Amino acid sequence: MKSYRYSDQEKIESPPERYENGTQAPLFYDNNDVFGHEASHQIRYKTLSWRMVAVLMIAEIVSNGMLSLPGALAVVGIVPGLIIIIFLGVFATFTSWILIEFKLRHPQVHNMGDAGMVLFGPVGREVLAGGTVVFAVCAAGSQMLAGQISLAALSDAKLCLMLYTGIFAVPLLLLSFPRTFDQLAWCSVPACLSILLAGLVGMIGAGTNPTPDRQVQATATADFYHAFVAITNPVFAYAGHFMFFVLISEMKRPQDAMKAAYSLQIFATTFYVIFAAVVYAYIGSTVSSPAFSSLPPKWMKAAYGIAIPNFLIAGSLYSHTAAKLFFVRIFRRSEHLHEHTILGWGTWTVLIILMNGAAFVLAVGVPIFPYLVGIAASLFASWFTYGIAGMFWLHDSYHDNDDDGRRSHLHGGSRLYGGDTDGAGGGGAGGFKAWLRRPVMAAVNMLTVLIGAFICVAGTFVTIKLIVDAYESGVVGEPFGC
């Protein structure tokens with residue numbers, strides 16, 4: 001088996017060219033991306049259209065996180081709450097654009113760990129790869145808890161909660177087993193429909209059963225601690241960018257990735273705004289998190305039951321992504337990545353079981369697991385979704401005209417980086433002069449880094465305080481308890 005080395009990965013075998021309107025990625029991209037030329041391989045990864053990537057993105061991101069949005073409005077008020085949701089949607093679209101451009105300029109990047117190698121070398125590679133796995137496993141565990149809540153609601157909590165989690169974890173594991181995303185993409189179609197219908201049922205249930213004497217405020221006063229706790233809900237409701245590189249790596253035409261991102265952000269932002277506003281308007285300040293638990297029993301059961309397919313698919317996508325990061329790292333540029341070998345399938349099976357097993361153990365064995373998800377989101381999703389995009393732009397614009405070979409990574413002279421527009425290169429000096437040549441973009445991306453840092457630090461602080469308060473109030477349960 002050929003061992004993987006970054007020097008092999010970064011070697012450019014043909015000159016860069018602009019993307020054309022053909023049916024595939026250009027030759028230089030296939031020469032250097034993780035899956036290479038797949039025509040003769042038994043297992044082909046690069047099969048996704050942008051439409052199916054959009055479906056996967058929606059199924060992964062628009063999930064149980066939206067159920068906390070009405071509660072955020074109850075803390076800060078409907079006006080600032082909706083402004084925050086819309087702003088974060090626009091901001092996430094901008095960072096999506098930066099991430100996708102970075103991926104197109106660096107075909108060898110398959111995940112955030114590879115991006116960390118480009119930015120910071122081997123240390124960055126390990127930190128960002130580790131963060132991806134930790135966040136993906138925690139997110140899968142969070143979906144298992146959502147499944148637990150749903151099954152308990154449907155059965156009036158007649159069983160031990162840990163059993164509900166175990167029941168839900170079995171189909172989640174099976175759904176995460178396929179080696180390629182195209183096999184999960186078709187399952188994601190009903191997952192998207194399920195969360196859409198569940199949200200509609202939740203809004204209808206709230207509208208037909210409004211809370212008497214409810215309190216709905218245009219603006220509300222809250223201290224920084226409670227306000228930021230509430231704001232983290234919409235912040236992390238958009239936290240799915242850590243999967244973008246992995247998904248784009250399996251596209252037939254990676255140059256179409258931004259179409260998928262636009263579809264995701266338009267749907268997510270619109271749906272979040274409508275769902276949060278309607279549920280909060282009819283239930284008021286007493287709305288629970290998750291919001292479905294504030295509905296009358298019949299409506300609550302209907303909403304949770306319809307949402308289960310989405311929780312299953314979203315969880316399977318997270319555990320699949322965690323396993324695939326290890327799998328590609330182990331077998332990059334080897335036959336086991338593309339062929340039906342015993343070692344390849346055996347390793348994949350072990351990784352899938354380990355990732356789902358870790359998510360299950362964390363979900364049922366750690367009483368403060370929901371808070372740990374918050375810490376993981378603060379430490380990593382704050383960067384993956386927001387802050388690191390600014391680093392990508394600053395790095396590539398700085399190195400845009402390097403003569404040491406890195407320039408050949410770039411797909412022509414993207415307008416995003418101020419390069420030439422005819423794809424010939426030589427669009428201007430790199431280094432700090434590149435930042436000065438585009439001061440607005442440089443300032444915006446520096447601000448993006450600072451925003452990511454603020455969310456990381458403040459989110460970690462308030463989550464740790466939540467843990468302390470939970471222990472002091474005695475609400476923390478026992479490990480593996482019912």
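Here are a few things to note about the model shown:
- Helix 297-331 axis, angle to the chain major axis (alpha carbon atoms, nearest 10°): 30
- Whole-Å semi-axes of the chain's equivalent ellipsoid (Cα gyration tensor): 38, 26, 20
- Viscosity 0.890 mPa s, 25 °C: Kirkwood-radius Stokes-Einstein D of the range 197-318 over Cα pairs, µm²/s: 148
- Amide H contacts under 5 Å for Leu48: Met251, Lys252, restricted to partners 5 or more places along the chain or on a different chain, H placed in the peptide plane at 1.01 Å from N.
- Per residue, the convex hull around the alpha carbon atoms of the range 320-368 comes to 67 Å³.
- Of the trypsin sites (Lys or Arg not before Pro) found in the range 135-242, those in coil by DSSP whose Cβ has at most 11 other Cβ atoms within 10 Å are Lys158.
- Folded to 0 to 90 degrees: helix 388-398 orientation relative to the chain principal axis, Cα: 20
- Spatial separation of Cα centroids for the range 321-354 and the range 463-480, in angstrom: 38
- Electrostatic dipole magnitude of the chain [Cβ: Lys, Arg +1; Asp, Glu -1; Cα centre; debye, to 20]: 400
- Estimated inter-spin distance, Lys433 and Leu163, nm [label 7 Å along Cα→Cβ]: 7.2
- The count of lysine pairs in the chain whose Cα atoms are under 30 Å apart, excluding pairs fewer than 8 places apart on the same chain, comes to 23.
- Note on the chain: dipole from Cβ charges, positive end direction compared against Leu175, Thr460, Leu154; the farthest Cα belongs to Leu154.
- Using the Cβ-Cβ distance between Thr47 and Asp469 with R0 set to 51 Å, the FRET efficiency works out to roughly 0.60.
- Three semi-axes of the equivalent ellipsoid, the range 21-162, Cα gyration tensor, whole Å, largest first: 35, 22, 17
- Alpha-carbon centroid distance for the pair the range 230-279 / the range 122-159, whole angstrom: 18
- Taking a Cβ cut-off of under 15 Å around Ser188, the surrounding Lys, Arg, Asp and Glu residues balance to a net charge of -2, with basic ones at +1 and acidic ones at -1.
- Per-pair calculated FRET efficiency, R0 = 41 Å: Tyr262 and Ser40 via Cβ, rounded to 0.05: 0.75
- Highest mean first, the peptides 31-41, 195-205 sorted by other C-beta atoms within 10 Å per residue fall in the order 195-205, 31-41.
- Converting the Cα gyration tensor eigenvalues of the range 360-399 into ellipsoid dimensions via √(5λ) gives semi-axes, longest first, of 33, 8, 5 Å.
- Highest mean packing comes first when the peptides 378-385, 49-56 are listed by Cβ atoms within 10 Å, giving 378-385, 49-56.
- Spin-label proximity, Gln183 to the range 343-362 - amide N less than 20 Å from point 7 Å beyond Cα toward beta carbon: 343-357
- Approximate spin-label separation Phe94-Thr208, in nm, with each point projected 7 Å along Cα-to-Cβ: 4.2
- Tilt relative to the chain, helix 342-365 - C-alpha long axis, 0 to 90 degrees, to 10: 30
- The mean of 1/r over all distinct Cα pairs in the range 78-237, once inverted, gives the Kirkwood hydrodynamic radius of 19.9 Å.
- Within the shell defined by Cβ-Cβ distances under 15 Å, the residues around Gly207 carry a net charge of +2, with Lys and Arg each +1 and Asp and Glu each -1.
- Of all accessible heavy-atom area on the chain, the percent that carbon and sulfur account for (1.4 Å): 68
- At q = 0.14, 0.18, 0.22 Å⁻¹, base-10 log of I(q)/I(0) for the range 275-365 (Debye sum, equal scatterers on each alpha carbon): -0.69, -0.86, -1.07
- Extension gain, Gln215 to Val123, is 28.0 nm, computed as 0.36 nm per intervening residue step minus the present C-alpha separation.
- Of the peptides 121-128, 238-245, the order by per-residue mean of other Cβ atoms within 10 Å, starting with the highest, comes out as 238-245, 121-128.
The values are calculated or read from the model by the stated rules, or taken from the named source; none is laboratory data. Keep in mind the model is a prediction, meaning the values are calculated, not measured. For neighbour counting, all protein chains shown are included, and Cβ atoms are generated from backbone atoms with ideal geometry for every residue, glycine included. Surface areas here come from the heavy atoms of the whole protein model, side chains and all, with no ligands, DNA or RNA. Shrake-Rupley method; radii C 1.70, N 1.55, O 1.52, S 1.80 Å.
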